[in-house]
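Each value in this text was obtained by applying a stated rule to the coordinates, not by laboratory testing. In this text, all values refer to a predicted model and were calculated from it rather than measured experimentally. Every residue, glycine among them, receives a Cβ derived from its backbone with ideal geometry; neighbour counts consider all protein chains shown.
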Amino acid sequence: PSPVDPLSSNGFAKFRAPTVTACHTLLMSELPSLFPTLRWSFIEASAQWLPWIVREAAVRHQALGHPLPDDVLSRWRIYVTCQTEDDVPYLLKEGAGDTLMIGTDYGHFDPS
């Protein structure tokens, strides 16, 4: 078998990882405060990563002396689309229920 090129074999490195990084960067920035009515969305990158980066950002904010609010996603108007492979009960348990969206992009195959 030939080696698999990780950058061309799937969308993780090209699309999902940059989306996760962008959301974490937003959580670490002052942008939500500067634009208090703007809604932020992260689409077509799944949502399973959401609890992880919220915890990562919370640890870093705590170390800087300004903790994140417990409801940071809803308070800062951050929305994420979930996909059929996501563990939605887990995401709901982790507090992402107010910020999950279901995509309606009929250009892609999605049985949801």
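Expected output is a single nm value to one decimal: the length gained when fully extending between Phe15 and Ile102, i.e. 0.36 nm times separation in residues minus the C-alpha distance. What is it?
Length gained, Phe15 through Ile102: 29.5 nm.
When ranked by the protection proxy of mean other Cβ atoms within 10 Å per residue, highest first, what sequence do the peptides 30-36, 18-24, 76-82 form?
76-82, 18-24, 30-36
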